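One structure below.
The values are calculated or read from the model by the stated rules, or taken from the named source; none is laboratory data. As the structure is a computational prediction, the values presented were derived from the model and not from experiment. Here the Cβ is made from the backbone with ideal geometry for all residues, glycine too, and neighbour counts use every protein chain on show.
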Amino acid sequence: MKHIFIFITVILLTLIPQINHIYANNGVIQVDGLNIRSGPGTDYSVIGQANSEQVFTVLEQTDGWVNISGNGLSGWVAAQYISVLEESDYRVAVSSTEVMVREQNTSTSDIVKQVTKGTALEVLKKSGSWYEVKLPTGETGWIASWHVTNGDNIEETIQVTFHSVPIRKSASNDDEIIGFGEKGDSYLVRNKTGQWYEIEYNDEIGYIHKHSVQNPLEKKENILPLQHKTIVIDPGHGGDDPGTFGVSGTAEKDVVLKTATLLQKKLHQLGATTILTRTDDRFISLNPRIGTAKLVNADLFISLHYNSAPEFPSARGIHTYYYYSQYKELAQYVQEELIKETSLRDRGALQESYFVIRENKQPSLLLELGFLSNATEEELVQSSTYQHQITDGITNGLVKYFRH
């Protein structure tokens, strides 16, 4: 009787499908029109189809079938038609001194970019002896497997993504600043504490906030530096009110609208909700402008202008104005970044009683972004390069302010 029981047990065990769970791995479909079924077998109904190069999350594998999810679908596909990336393939590091990442998985394909030893790359899929990878810049391409090593042994580094990011003595916004990281600086990660990286800075241990850096080894959280911030952008003047005129006749109202439109785009890309007080050449009185900020409970109101001093044609530079003293630091951040980006004369962050910042109950600034009465600056401010510089400066200043 005992022998019969053992025999039956062995038979039952051989009939139980072996399940190998694979959590959070990717699988890439290898053929077009692949049937996705409701269960692991051809007896199950077809609930959808997948096509070549589509990427799905692999939930589990069993008996020649793979359970996948993604692209609005969830079901089972035959294992021979999907390439599953093992967990250790999620990232690799370049092991050769200089390597070319190419458009296709062949050494004769066009070059996408050159990468150097130690660069961390996210693996999208594997084909033969080649990896399709995502570079830290976001570009994709192919790299030969003999030029990389498994990412588990990578020294984790971070790269600063903004100008003058504070490095603090401990993992707290309230602690002492021991220095500043500049955009593009890289640091070796010693440890992680909540939202902070512990790094070595000038022979000291310092801490830098994770939202100020890029870490190529981590999946990016969908959190942007200005997320949940509402910013009202006020292009000064408009319509019957042209503002000042430049030496060659440039109207202030036209240039500020150009600046405001570009600034709105950049702030939006960083997660901010943005509202323009005017989007075309129309007159709007001052009260409705500040009323917009109150209506939406703006985190910031920023009024854009260009300066003029015809009696002093050599006058040049940038001003940032605030009215309430609690916004002095905000003004200083923006002024510093504007000067850093443009290299124009720094005329300072100053307190002034302009209506749109005095009567505004929301945090507010008024910017004078150059002198149209100066022939050189009039020409400069109309250039695409300068417009990008000043909008980058404003954006960087706001990011620093809200982060602090």
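Numbers for the structure displayed
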| read-out | value |
| --- | --- |
| Residue within the stretch 193-210 that is in the same structural domain as residue 334 (by TED's automatic domain parsing), part of a helix (DSSP H, G or I) and either touching an Asp or Glu at 6+ places or on another chain (Cβ under 9 Å) or within 30 Å of residue 138 (Cα to Cα) (or both) present | no |
| Options 320, 376; residue that is in contact (Cβ under 8 Å) with a residue 12 or more places away in the chain, hydroxyl-bearing (Ser, Thr, Tyr) and closer than 18 Å to residue 401 by Cβ | 320 |
| Residue satisfying all of: in the stretch 262-277; of a type outside the set (Lys, Arg) and within 13 Å of residue 394 (Cβ to Cβ); surrounded by the fewest Cβ atoms within 10 Å (Cβ to Cβ) among these | 270 |
| Breaking point among (1) in a helix (DSSP H, G or I); (2) over 25 Å from the mean Cα position of the chain (by Cα); (3) within 27 Å of residue 166 (Cβ to Cβ), for residue 366 | (1) |
| The stretch 42-57 - residue that is among the small types (Gly, Ala, Ser) and loosely packed, with under 14 Cβ neighbours inside 10 Å and, of those, modelled with the lowest pLDDT | 52 |
| Output for the stretch 178-204, where each listed residue is aliphatic (A, V, I, L, M) and farther than 16 Å from residue 157 by Cβ | 178 |
| Residue within the stretch 251-274 that is within 24 Å of residue 379 (Cα to Cα) and in a strand (DSSP E or B) present | yes |
| Residue list for the stretch 245-256, restricted to those being surrounded by fewer than 23 Cβ atoms within 10 Å (Cβ to Cβ) and closer than 13 Å to residue 304 by Cβ | 254 |
| Breaking point among (1) surrounded by 14 or more Cβ atoms within 10 Å (Cβ to Cβ); (2) without any contact (Cβ under 8 Å) to a residue 24 or more places away in the chain, for residue 285 | (1) |
| Meets criteria (surrounded by fewer than 23 Cβ atoms within 10 Å (Cβ to Cβ), of a type outside the set (D, E, K, R) and part of a helix (DSSP H, G or I)) for residue 339 | yes |
| Subset of the stretch 94-143 (residues that are closer than 20 Å to residue 30 by Cα and either among the hydrophobic types (A, V, I, L, M, F, W, C) or assigned by TED's automatic domain parsing to the domain that holds residue 27 (or both)) | 123, 124, 130, 133, 142, 143 |
| Any hit, the stretch 226-237, residues being without any contact (Cβ under 8 Å) to a residue 60 or more places away in the chain, under 30 Å from residue 160 (Cβ atoms) and out of contact with any Lys or Arg (no Cβ under 9 Å at 6 or more places or on another chain) | yes |
| Tabulated pairs, the stretch 70-82, first under 12 Å from residue 59 (Cα atoms), second assigned to a strand (DSSP E or B) and at pLDDT below 80, C-beta under 6 angstrom, 6+ apart or interchain | 70/56; 70/57 |
| Qualifying residue in the stretch 342-356 (condition: part of a helix (DSSP H, G or I), within 25 Å of the chain's Cα centre (by Cα) and either closer than 24 Å to residue 249 by Cβ or modelled with pLDDT of 95 or more (or both)) | yes |
| Where residue 205 falls short, out of the listed (1) surrounded by fewer than 17 Cβ atoms within 10 Å (Cβ to Cβ); (2) in contact with a Gly (Cβ under 9 Å, 6 or more places away or on another chain); (3) among the aliphatic types (A, V, I, L, M); (4) at pLDDT 85 or above | (2) |
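Conditions tested, residue by residue: (1) modelled with pLDDT of 80 or more; (2) part of a loop (DSSP other than H, G, I, E, B); (3) surrounded by fewer than 20 Cβ atoms within 10 Å (Cβ to Cβ); (4) of a type in the set (A, V, I, L, M).
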site	(1), (2), (3), (4)
77	yes, no, no, yes
88	no, no, yes, no
101	yes, no, no, yes
104	yes, yes, yes, no
107	no, yes, yes, no
112	yes, no, yes, yes
115	yes, no, no, yes
133	yes, no, no, yes
